[in-house]
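Colleague: One structure, pasted below without further comment.
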Amino acid sequence: MNERKALDEGAKMTELERIRHSAAHVMATAILRLWPDAQFASGPAVENGFYYDVELSHRISPEDFPAIEAEMKKEIKANHTFEKVVVTREQAMKDAQSGRLGGLVERPGNPSKFKIGNLESIPEGERITYCKNGDFIDLCEWSPQHVMRTGNIGAFKLTTVASAYYKGDEKNPQLQRIYGTAFKNKTQLEEYFKMIEEAKKRDHRKIGQEMGLFTIDTEYVGPGLPLWLPKGTAICEELEKLAKETEFAAGYVLVKTPHIAREKMYKTSGHLPYYAESMFPPMEMLEEDKKRKESLRAAINVNAELLEKSRERDPDGEEHSQLMLRREELQNQPQTLGSRYYLKAMNCPHHHRIFAAEPRSYRHLPLRLAEYGTCYRYEQSGELFGLMRVRSLNMNDAHIYCTAEQFAAEFNAVNEMYLKYFKIFGIEKYQMRFSTSAPDGMGKKYVNEPALWKQTEDMVRRVLVESKINFVEVPNEAAFYGPKIDVQVWSVIGREFTLATNQVDFAVPARFGLVYRDKDNTDKTPLCIHRAPLGTHERFIGFLVEHYAGNFPLWLAPEQVRVLTIGEETPLVDYAKKVVAELRSNMVRAEGDYGTDKINGKIQRAEEAKVHTMLVIGGRDMDAGAVSVRVHSKGNLGAKPKGEAIAGILQAIKERST
Ligand SMILES: [Zn+2]
Ligand SMILES: [Zn+2]
């Protein structure tokens, strides 16, 4: 279900979310004025707005929106307070039976059936509260999730209507889900819709197809498994190059690991059974297991025969005792090593085994293992979305194993790396969401190590504060094994993306038995920082397509340079080909367009393909050893000596200038 904000999370709601949740109450009020028999289920604030699920014989369509909005305006103008009413369970049940709950008046013969269902799912003994505005009474957990008065809802608009099952279960009745959005004021609302329009034009699926970056071949490859086409691969490669250079300079070492591992790996890491739903189902290697059992049985039989003979020959002899040892060894061998393999959903367990592969001492730490690792996650098919939600992910992953003393410096360096990347990509707005634990979740939601939690959270908080990085702290949203930091970035048009997650892990290294020998000659467990500043290729390139509207800076552009000839005479084409060859020998992604069509047509074609730089060559350019430079969306920059133009291109690529 899409109810991102569970009721008990109200305390954490932002002002905007309170406005939106309150607007859902007002929308229900308005719908009841128009259709008094409407039955409401639940109406939370969600990303970018709110919705309310309603059952109604009338099929609501966008044509009804103006009428609903007009009623909403009346309710806002009336400026009713959102009142809290505490009731007993019996009273609530009575109000639901009479149709009063989720209604404006009692509705005999039309009980509030979904509210009855909602009531029943409130645990016995828990407080039951209503939220009342004007005549409308709704069942609503009372934490500060409403604004004071209906008049505090600044500006709103209904957006779409979809269908949804009650409580997300297809066995339940199908309801109409009416979406809207609300903001503090009209200007913000208008800006939002402008951004949505712009985002549509910049949709990574549309531009990705036009530019030939990726394709999703559902029939042969599978949903959520993008194929990177040559132009998209060029971007992936540039991002990897950037990551590798940056990480190399920061003391990381590269590793490579397989895409699968045995079940034991994920049982040890704790992914199984808790995370099983997000993993692809296992591959059962039954043959392998059968063969293993058979060969073990055969070896035991052979050993038994030999033992028999050697006992007859000399029961106290050396041969006999060797065979006895061998028998014990065979009998102690496990019948099976586990015949299940899983596609990896994370790279960490493999990296942990690399840590474990060699004896480590404090001198080896920090150890920073980096890999552009491919992971596979079984996202629900309804959740898949272009490159933003996929089932195969190329991750800019690394795991830093360090001592507690080294933690602050390491964590700080990770943050510095983020800031460096933000600068390269022109990301001006970002926020780190620091998710911490909560005392009452110890041993349930969080691994039961209160002292370690506190120590780690204090360390992370101190680094964030001292480095003056923009962050917010969100209690009770940490991962099971440690605090995490989600990095939110905003594209140039103001849309928010979750780019990456950092995690501090003080539990899993211990589960894998990872240790290093410390100065005092004792074995200690290292801390592990999981970090992936560039996230995954899939999500990050999806973001970049929107951010740049497909007009990538020179260093990232899939086709960096196109050489165009004015005419098709042989000497001219030969000269142009030499320019292309020189660029390509310098690893510049350059192509040529030497055809017969007019130069304007060629230029237009290159513009449409979002080629970054065009070098136009006519007879006069050739005679002067020059090229005329055109840069996408900047127009004609004039003629330059060939060598100078090429040097300029190489320099801009090297500097990764925007
Ligand atoms: Zn409410
Ligand atoms: Zn990890």
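The values are calculated or read from the model by the stated rules, or taken from the named source; none is laboratory data. On a predicted model such as this, the values are computed, not experimentally measured, just so you know. Using ideal geometry, Cβ is built from the backbone for each residue, glycine included, and neighbour counts are taken over all protein chains shown.
Colleague: How many of the residues in region 344-399 are under 25 Å from P226 (Cβ atoms), within 13 Å of ligand 2 (Cβ to nearest atom) and hydrophobic (A, V, I, L, M, F, W, C)?
Modeller: Result for region 344-399: 8.
Colleague: Suppose we filter region 575-624 for residues that are surrounded by fewer than 18 Cβ atoms within 10 Å (Cβ to Cβ) and either outside the structural domain of G648 (by TED's automatic domain parsing) or among the polar types (S, T, N, Q) (or both); how many remain?
Modeller: Residues that pass the stated criteria total 5.
Colleague: When only residues in region 155-180 that are more than 27 Å from the chain's Cα centre (by Cα) and either closer than 22 Å to I68 by Cα or not assigned by TED's automatic domain parsing to the domain that holds F40 (or both) count, which is surrounded by the fewest Cβ atoms within 10 Å (Cβ to Cβ)?
Modeller: This residue is Q174.
Colleague: Moving to a separate point now. Specify the residue that is surrounded by the fewest Cβ atoms within 10 Å (Cβ to Cβ); the eligible residues are those in region 104-117 that are out of contact with any Lys or Arg (no Cβ under 9 Å at 6 or more places or on another chain) and of a type outside the set (A, V, I, L, M, F, W, C).
Modeller: If we take residues in region 104-117 being out of contact with any Lys or Arg (no Cβ under 9 Å at 6 or more places or on another chain) and of a type outside the set (A, V, I, L, M, F, W, C), then G109 is surrounded by the fewest Cβ atoms within 10 Å (Cβ to Cβ).
Colleague: Do we have R100 as among the basic types (K, R), farther than 25 Å from W35 by Cα and without any contact (Cβ under 8 Å) to a residue 40 or more places away in the chain here?
Modeller: No.
Colleague: Residue under question is R292, and the condition is that it be away from ligand 1 (no atom under 16 Å from the Cβ), at pLDDT 90 or above and either in a loop (DSSP other than H, G, I, E, B) or surrounded by 12 or more Cβ atoms within 10 Å (Cβ to Cβ) (or both); does it hold?
Modeller: In short, no.
Colleague: Also: Could you check, for region 370-389, whether at least one of its residues is part of a helix (DSSP H, G or I), farther than 25 Å from G270 by Cβ and away from ligand 1 (no atom under 16 Å from the Cβ)?
Modeller: yes
Colleague: If you don't mind, there's one more thing I want to ask. Name the residue, out of V465, V460, that is in a helix (DSSP H, G or I), over 23 Å from the mean Cα position of the chain (by Cα) and assigned by TED's automatic domain parsing to the domain that holds K241.
Modeller: Numbers: V460 fails: over 23 Å from the mean Cα position of the chain (by Cα).
When all the criteria are applied, what remains is V465.
Colleague: Of all residues in region 20-77, count the ones that are assigned to a helix (DSSP H, G or I) and small (G, A, S). Break it down stepwise before answering.
Modeller: Within region 20-77, the first condition is being assigned to a helix (DSSP H, G or I), and the residues that meet it are 20-34, 62-77.
Then drop every residue that is not small (G, A, S), which leaves 22-24, 28, 30, 67, 70.
The total comes to 7.
Colleague: Condition first: among the charged types (D, E, K, R), assigned to a strand (DSSP E or B) and within 14 Å of ligand 1 (Cβ to nearest atom). Now tell me which residues in region 127-165 satisfy that.
Modeller: Once the filter is applied, which keeps residues that are among the charged types (D, E, K, R), assigned to a strand (DSSP E or B) and within 14 Å of ligand 1 (Cβ to nearest atom), region 127-165 yields K132, D138, R149.
Colleague: While we're looking at this one, here's another question. Condition test on N551, is it over 22 Å from T436 (Cα atoms), free of Cβ contacts under 8 Å to residues at least 24 places away in the same chain and either assigned to a strand (DSSP E or B) or more than 16 Å from ligand 1 (Cβ to nearest atom) (or both)? Spell out how you get there, then give the answer.
Modeller: On the way: over 22 Å from T436 (Cα atoms): yes; free of Cβ contacts under 8 Å to residues at least 24 places away in the same chain: no; either assigned to a strand (DSSP E or B) or more than 16 Å from ligand 1 (Cβ to nearest atom) (or both): yes.
When the stated conditions are applied, N551 does not pass them.
Colleague: Would you check if there is a residue in region 354-377 being at pLDDT 95 or above, in contact with a Phe, Trp or Tyr (Cβ under 7 Å, 6 or more places away or on another chain) and farther than 29 Å from H259 by Cβ?
Modeller: yes
Colleague: Yes or no: E124 modelled with pLDDT under 95, exposed (fewer than 15 other Cβ atoms within 10 Å of the Cβ) and either in contact with a Gly (Cβ under 9 Å, 6 or more places away or on another chain) or part of a loop (DSSP other than H, G, I, E, B) (or both)?
Modeller: Details: modelled with pLDDT under 95: yes; exposed (fewer than 15 other Cβ atoms within 10 Å of the Cβ): yes; either in contact with a Gly (Cβ under 9 Å, 6 or more places away or on another chain) or part of a loop (DSSP other than H, G, I, E, B) (or both): yes.
The answer is yes for E124.
Colleague: Separate question: For region 11-29, what are the residues that are crowded, with 23+ Cβ neighbours inside 10 Å and among the hydrophobic types (A, V, I, L, M, F, W, C)?
Modeller: I19, A23, A24, V26, M27, A28
Colleague: Here's a follow-up. Name the strands (runs of 3 or more DSSP E) wholly inside region 566-658 in which the number of residues that are over 37 Å from the mean Cα position of the chain (by Cα) and not aromatic (F, W, Y) is 3 or more.
Modeller: The qualifying strands (runs of 3 or more DSSP E) are 613-617, 626-631, 635-641.
Colleague: Here's another thing I want to ask about it. Under 9 Å between Cβ atoms, which residue pairs at least 6 apart in sequence (or on different chains) link something in region 363-386 that is more than 20 Å from V253 (Cα to Cα) with a partner that is surrounded by 16 or more Cβ atoms within 10 Å (Cβ to Cβ) and of a type in the set (V, I, T)?
Modeller: Close Cβ pairs satisfying both conditions: R377/V390; E379/V390; L384/I216; L384/V390; G386/I216.
Colleague: So, R363, is that one in a helix (DSSP H, G or I), more than 16 Å from ligand 1 (Cβ to nearest atom), within 30 Å of R292 (Cβ to Cβ) and among the charged types (D, E, K, R) or not?
Modeller: When the stated conditions are applied, R363 does not pass them.
Colleague: With respect to L393, is the statement that it is in contact with a Cys (Cβ under 8 Å, 6 or more places away or on another chain), surrounded by 14 or more Cβ atoms within 10 Å (Cβ to Cβ) and part of a strand (DSSP E or B) true?
Modeller: yes
Colleague: E538 - would you say it is surrounded by fewer than 22 Cβ atoms within 10 Å (Cβ to Cβ) and of a type outside the set (S, T, Y)?
Modeller: no
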